[in-house]
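The values are calculated or read from the model by the stated rules, or taken from the named source; none is laboratory data. Because the structure is predicted, anything quoted here is derived from the model rather than measured. Neighbour counts run over all protein chains shown; Cβ positions are idealised from the backbone, glycine included. Surface accessibility is based on the protein's heavy atoms, side chains included, excluding ligands, DNA and RNA. Shrake-Rupley method; radii C 1.70, N 1.55, O 1.52, S 1.80 Å.
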Amino acid sequence: MELRHLKYFLAVAEELNFTKASEKLFISQPPLSRQIAELEEELQAKLFIRNNKKVELTEAGKYFKEEVTALFQHLERIAVKTKKIAENVSGEFRIAYISSIYSSVISDLIKHLKAQFPYVNFKLFEVSTTKQIAALEKGKIEMGIIRSPIHSPKIKSHLWFKDGFSLVYNKNTVQIRSENEILKLKDETFVFFNKDYAPHYHEVLLELCAFYGFTPKIIHEANNINSIVQLVKNGLGISIVPSNIAKNNQDLEVGFIELKKVNLFTNVSLITSKDDYSEITQSAVEFLLSQSR
């Protein structure tokens, strides 16, 4: 059974007239009749009742028409979606981000993209900076949100914003009022990012502590910024986190002091493949860059 057999059958089933159907298909009537006969023979079912006055569908023919119509409609949907995938407006778009990026911005990004590209299946992954770079190089994600630096010839980077640092502590267990009193914390226990998970960020935090005159006693480590803040809230230590987190935390038990004296920042960047010129990627980058202004 070939696709043309089904097309010929539908033409006759819709017209219920072999002459009109052959004109519609731009073929002569004898070949059309042969194609229908071949189809009936292959199905071992009579699809039409033919007489001198009219052509009618049999019960089997009515069922076959219904199913073949649905099949062609499905094929049309496949064709449309295939075209959209080829035009980069459908398919799957994978975005990775670090835990220290405020989630509402990511939610706004997905809403923005969904409105533009309703056929796209957007997927979000919370992934460390180093793993994001590797994933983007291997084509496992389309865009990443990381803390720089980036050393890869395959990746294009866009600076999103510069982020400072803030001390985070439990107000009930740590008594501190300003940045000038930070040295008092030299004997406190600290909660830091795992060195293997975010090596550059870990080094920056050690550098910050050195600037204030002490080496932190790191007792607890975590791979997620929210876990770090929760450990601090539970009284298991103090930490230093990106100021972006401090601006968006409303917990009354947790205090933040921005570290303004030290001239240290981290660059939060949007990364994409250098070979990616898709409309979706461009829209995602432009939206996020507009949010940093």
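A 1.4 Å probe run over region 1-154, with the rest of the protein chains in place, finds 60 Å² accessible per residue. So if I take the centroid of the Cα atoms in region 80-146 and the same for region 265-293, what is the distance between those two points in Å? Using only Cα atoms, the two centres lie 11 Å from each other. Relative to the longest principal axis of the Cα atoms of the chain, helix 103-116 runs at roughly 20 degrees. Net charge near GLN35, counting Lys/Arg +1 and Asp/Glu -1 over other residues with Cβ under 14 Å of its Cβ? Cβ neighbours under 14 Å give a net charge of -1. At the residue level, SER290 shows approximately 50 square angstrom of accessible surface with a 1.4 angstrom probe and all protein chains present. Accessible area per residue was computed with a 1.4 Å probe on protein heavy atoms; LEU43 scores about 60 Å².
When the square roots of the Cα gyration tensor eigenvalues are ordered a ≥ b ≥ c, the ratio a/c for region 165-264 is under 1.5, which makes its shape rounded.
Any lysines with Cα under 20 Å of the LYS156 Cα? List them, leaving off those in the same chain fewer than 8 positions away. Filter leaves LYS131, LYS138, LYS140, LYS274.
The translational diffusion coefficient of the chain, from Stokes-Einstein at 10 °C and 1.306 mPa s with a Kirkwood hydrodynamic radius over alpha carbon pairs, comes to 66 µm²/s. Using the Karplus relation 6.51 cos²θ - 1.76 cosθ + 1.60 with θ = phi - 60°, the per-residue 3J(HN,Hα) values for region 174-190 come to 10, 9, 8, 10, 8, 4, 5, 9, 4, 4, 4, 8, 4, 9, 7, 8, 10 Hz, with x marking Gly and Pro.
LYS274's amide H: which non-local residues (gap 5+, or another chain) put their own amide H closer than 5 Å, with H modeled 1.01 Å from N in plane and none for Pro or chain starts? The list, which skips near neighbours in sequence, is ILE155, LYS156.
In order along region 127-139, the Karplus-derived 3J(HN,Hα) couplings, from 6.51 cos²θ - 1.76 cosθ + 1.60 at θ = phi - 60°, round to 9, 5, 4, 4, 6, 5, 4, 5, 5, 5, 4, 8, x Hz, and Gly and Pro are given as x. Around the amide H of PHE161, modelled in the peptide plane, lie the amide H atoms of VAL268, all under 5 Å away and 5 or more residues distant in sequence or on another chain.
How much of THR215 can a 1.4 Å solvent probe reach, expressed as accessible area in Å² and rounded to 10? Here the accessible area works out near 110 Å².
Determine the per residue accessible area of region 165-264 with all protein chains present and a 1.4 angstrom probe, expressed in square angstrom.
On the way: 5180 Å² over 100 residues.
In whole numbers, region 165-264 has 52 Å² accessible per residue.
For ILE141, the amide hydrogen comes within under 5 Å of the amide hydrogens of LEU136, counting only partners 5 or more places away or on other chains and with H modelled in the peptide plane. Return the carbon/sulfur percentage of the accessible area of the chain, one whole number, probe 1.4 Å, all protein chains in place. Carbon plus sulfur share of accessible area: 51 percent.
Here the relative contact order of the chain, from alpha carbon pairs under 8 Å that lie six or more residues apart, stands at 21 percent.
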